[in-house]
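The structure appears below as structure tokens.
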Amino acid sequence: MADDKSPEKSSNAMWGGRFAAGPDAIMEAINASIGFDRRLAKQDIEGSRAHAAMLAAQGIITDSDATAIREGLLTVLSEIEGGTFPWRVELEDIHMNVEARLKEIVGEPAGRLHTGRSRNDQVAVDFRLWVRDQCDAVDGALVALMTSLIGQAEDGADWVMPGFTHLQVAQPVTWGHHMMAYVEMFARDRARFADARKRMNESPLGAAALAGTSFPLDRHATATALGFDRPMANSLDAVAARDFALEFLGAASICAMHLSRLAEELVIWSSAQFRFVTMSDRWSTGSSIMPQKRNPDAAELLRSKIGRIFGANVALMTVMKGLPLTYSKDMQEDKEPTFDAADHLMLGLAAMAGMIADMKARPNDLRVAAAMGFSTATDLADWLVRELGLPFRDAHHITGSLVAMAETKGCDLPELSLADMQSVHAGITNAVFDVLGVDNSVRSRTSYGGTAPENVRAQIARWKKDLS
């Protein structure tokens, strides 16, 4: 039977005449990226419009061609946003799909758009723009989460709760202080994303395939048009670098770790054994067999999804670790893990902001738990040093003996009698009982960064001012 395939079908028309035979189905499947890189459509069209304007300003193409290209690209964008764009897998990627559709809309001028550039610098600028946009989105989501935490801290600036080491009761702290610890963590995450954004804000556009171009491009003009600080200084680096995405994933991984730690606390705190918080019905589910259950599923799911973000970071590191300069097709694998990580980070931040805003702390249960486990033992030791002038190691030993006595008697330190205490050290006076209550303990922690309610309120005021 005669082969009735047309030249259009038997070769990739976008590649030109170099290849006579088209790829088979398996090659097409492994090579095509349009299934995921269509997410770069907005950035691709933004970069192309800036490139066309620059080409005209430099006299490389005519003003009329540039106008047709720029207006045609807006039509393409409207089709994509409206869901009517005719995606074609055989055109491989977002760049070729947009260019082919542009040609259908404006004709010959579309063929002049690619002058002085390559898909190598085109995808580099698209991806850099997309990651930059994600940094901005994450920043907004972090502010929302920090605002929720500050709201909780403001409500409970003087609510006493146990502070833990090794998940054992250590010393009393305040609910507000605990909430503000996460504000500090997420603030550092904001700084990491802002720092990464600043470093990635250089334009690869105009580096072409890898060596630059003989056309008189104005790379500073396109960089400015796209909101970059400057063009990248080395054309090889411009097309080969993906460290901007790795920085984003690194910052995302640290932020995700903070989210996971907070999610873990919500799971523990909402248990019947702790009863520190009640989670909203919006973020909880029931059991199919046990009617009494209120499961913190949102926190658990968030905690588990963090692994995807860590995995994306490792995946892209692995892709990039063995690549010589400049571009290799391996780098097509940079986008899916980054897209997935960004999606799940944004989802996690939004879910956590909602959970924190809706949850109800249980001040009475917090207070009872704060007094467990001899949590004011350090206050007693500090009092012995401050009032009796004892070396801290001696005070530590005396306090340990009093804790052992309280354990034997089945009571807490404040419930020991003065005679009990004086049997261990004769110099102890009634004044010691002024430091043994949990309220006295937290009020005394006035050193900078300490848990005293006045400190917490000062930090809340500072952060509310900063975030406004």
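If Thr338 meets every condition in (1) more than 18 Å from Phe127 (Cα to Cα); (2) in contact (Cβ under 8 Å) with a residue 60 or more places away in the chain; (3) assigned by the TED database to the domain that holds Ala124 apart from one, which number is that one? The failed condition is (1). Applying the set (1) free of Cβ contacts under 8 Å to residues at least 12 places away in the same chain; (2) farther than 30 Å from Asp133 by Cα to Asp330 leaves exactly one unmet item: (2). Among the residues of the stretch 218-263, those identified as open to solvent by less than 50 Å² (accessible area, probe 1.4 Å) and in a loop (DSSP other than H, G, I, E, B) are Leu226, Gly227, Phe228, Met232, Ala241, Arg242. Look at (1) within 20 Å of Met179 (Cα to Cα); (2) among the aromatic types (Phe, Trp, Tyr); (3) open to solvent by 40 Å² or more (accessible area, probe 1.4 Å) and you find that Phe392 fails only one, number (1).
Scanning the stretch 304-355 for residues that are of a type outside the set (Asp, Glu), more than 19 Å from the chain's Cα centre (by Cα) and part of a helix (DSSP H, G or I) yields Thr318, Val319, Met320, Lys329, Met331, Gln332. Of the listed requirements (1) part of a loop (DSSP other than H, G, I, E, B); (2) open to solvent by 80 Å² or more (accessible area, probe 1.4 Å); (3) at pLDDT 90 or above, Ser271 misses just one: (2).
The lone criterion from (1) without any contact (Cβ under 8 Å) to a residue 40 or more places away in the chain; (2) open to solvent by less than 40 Å² (accessible area, probe 1.4 Å) left unmet by Tyr448 is number (2). Among the residues making up the stretch 143-190, those that are under 23 Å from Leu246 (Cα atoms) and open to solvent by 60 Å² or more (accessible area, probe 1.4 Å) are Arg188, Arg190. Among the residues of this structure, Ala426 does not count as one that is among the hydrophobic types (A, V, I, L, M, F, W, C), assigned to a helix (DSSP H, G or I) and out of contact with any Asp or Glu (no Cβ under 8 Å at 6 or more places or on another chain).
Considering each of Ala395, Ala381, Ala431, Ala419 in turn, give the residue that is assigned to a helix (DSSP H, G or I), within 43 Å of the chain's Cα centre (by Cα), farther than 28 Å from Ser271 by Cα and not assigned by the TED database to the domain that holds Phe276. Result of the check over Ala395, Ala381, Ala431, Ala419: Ala381. Filtered by the rule that a residue be within 33 Å of the chain's Cα centre (by Cα) and either assigned to a helix (DSSP H, G or I) or without any contact (Cβ under 8 Å) to a residue 60 or more places away in the chain (or both), the stretch 356-366 gives Ile356, Ala357, Asp358, Pro363, Asp365, Leu366. Considered as a group, the residues in the stretch 401-438 that are free of Cβ contacts under 8 Å to residues at least 12 places away in the same chain and of a type in the set (A, V, I, L, M, F, W, C) include one that is farthest from Pro162 (Cα to Cα), and that residue is Ala426. Note on the stretch 366-376: residues that are out of contact with any Pro (no Cβ under 7 Å at 6 or more places or on another chain), open to solvent by less than 50 Å² (accessible area, probe 1.4 Å) and at pLDDT 90 or above total 1. Only residues that are closer than 25 Å to Gln134 by Cα, in a helix (DSSP H, G or I) and open to solvent by less than 20 Å² (accessible area, probe 1.4 Å) were counted in the stretch 25-78, giving 13.
If you go through the stretch 79-95 and pick out every residue that is open to solvent by 20 Å² or more (accessible area, probe 1.4 Å) and in a helix (DSSP H, G or I), you end up with 6.
So, Gln134, is that one polar (S, T, N, Q), in a helix (DSSP H, G or I), closer than 21 Å to Ser33 by Cα and open to solvent by 20 Å² or more (accessible area, probe 1.4 Å) or not? Spelling it out, Gln134 is indeed polar (S, T, N, Q), in a helix (DSSP H, G or I), closer than 21 Å to Ser33 by Cα and open to solvent by 20 Å² or more (accessible area, probe 1.4 Å).
The values are calculated or read from the model by the stated rules, or taken from the named source; none is laboratory data. All figures in this text were calculated on a predicted structure; none of them were measured in a lab. Cβ coordinates were reconstructed from backbone atoms using ideal geometry, including for glycine residues, and neighbour counts include every protein chain displayed. In case anyone asks, the SASA skips ligands and DNA or RNA and just uses the protein heavy atoms, side chains included. Shrake-Rupley method; radii C 1.70, N 1.55, O 1.52, S 1.80 Å.
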